[in-house]
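Structure record follows, encoded as structure tokens.
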Amino acid sequence: MPVLAAFAAAAVATATTAPLPPWRRNPPIAATSGDARVVAREWRVADNRDTCAPLSFATVRAGGISGARARRAVFAGGWGVAWDIPGQRSAFGVAGAGVDAEPEDITRWPNVIRWRDGSAAGYGLTGDTGPGYLAYVKVAGQGCLYNVWSNVSRRHLRLILSHLRRVR
């Protein structure tokens with residue numbers, strides 16, 4: 001019993017000290033603003049729009065990325081947007097996949113970020129070997145599994161995860 005009590009106390013301490021996710025700490029992006037227009041357009045025609053709110057990045061120029069252009073990315077049953085940069089197609093992106101998020105989707109990854117509201121992201125090398133990086137993101141209150149990827153670097157993936165915002 002003391003072990004269970006210690007585990008429960010640690011879980012409560014983590015829940016109260018973990019930060020809020022970036023989409024709750026920061027204001028949403030207008031659907032008419034910049035690349036969020038592409039996200040909003042793809043989300044509006046997605047099969048899962050009732051359970052998978054649109055997310056985008058507050059900025060794509062972070063981390064030294066310039067010249068990025070948003071375009072539709074195909075995600076069956078869901079929506080997706082990829083950003084191409086000069087010389088690299090699908091350098092990074094975000095998608096609301098047409099599947100439900102399960103706890104195992106997050107914990108299968110070697111790296112996990114947990115936020116105070118119950119949201120979480122698990123991430124690592126794409127296909128466990130790379131060269132790109134992929135995060136599975138569970139947003140509290142949403143039913144879908146979000147995919148966020150970077151074919152730039154691990155650091156870039158962490159950076160764009162910190163720039164995720166809701167699109168209104």
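The values are calculated or read from the model by the stated rules, or taken from the named source; none is laboratory data. Not measured: the values here are computed from a predicted model. All Cβ positions, even for glycine, are placed from backbone atoms using ideal geometry, and neighbour counts span all protein chains on display. Note: areas computed on protein heavy atoms with side chains; ligands, DNA, RNA excluded. Shrake-Rupley method; radii C 1.70, N 1.55, O 1.52, S 1.80 Å.
In this structure, W109 qualifies as in contact with a Gly (Cβ under 6 Å, 6 or more places away or on another chain), surrounded by fewer than 20 Cβ atoms within 10 Å (Cβ to Cβ) and not acidic (D, E). Does R89 satisfy being assigned to a strand (DSSP E or B), surrounded by fewer than 20 Cβ atoms within 10 Å (Cβ to Cβ), at pLDDT 95 or above and not hydrophobic (A, V, I, L, M, F, W, C)? Yes: the conditions hold for R89. Just to be sure I understand, how many residues within segment 21-50 are more than 14 Å from the chain's Cα centre (by Cα) and closer than 13 Å to A140 by Cβ? Summing the residues that are more than 14 Å from the chain's Cα centre (by Cα) and closer than 13 Å to A140 by Cβ in segment 21-50 gives 0.
The set of residues from segment 86-110 being of a type outside the set (G, A, S) and in contact (Cβ under 8 Å) with a residue 60 or more places away in the chain comprises Q88, F92, V94. One residue alone among A40, A46, A70 is in a loop (DSSP other than H, G, I, E, B) and among the aliphatic types (A, V, I, L, M), and that residue is A46.
Residue-level check: of (1) in contact (Cβ under 8 Å) with a residue 40 or more places away in the chain; (2) of a type outside the set (S, T, Y); (3) more than 23 Å from P19 (Cβ to Cβ), A76 misses just (1).
Scanning segment 139-168 for residues that are more than 19 Å from V38 (Cβ to Cβ) and buried (at least 23 other Cβ atoms within 10 Å of the Cβ) yields a count of 2.
For (1) open to solvent by 50 Å² or more (accessible area, probe 1.4 Å); (2) modelled with pLDDT under 95, each residue gets a yes or a no:
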{"site": "T16", "(1), (2)": "yes, yes"}
{"site": "P28", "(1), (2)": "yes, no"}
{"site": "R37", "(1), (2)": "yes, no"}
{"site": "R44", "(1), (2)": "yes, no"}
{"site": "P54", "(1), (2)": "no, no"}
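Could you please give the count of residues in segment 92-124 that are within 23 Å of R166 (Cβ to Cβ) and not in a loop (DSSP other than H, G, I, E, B)? Selection size over segment 92-124: 19.
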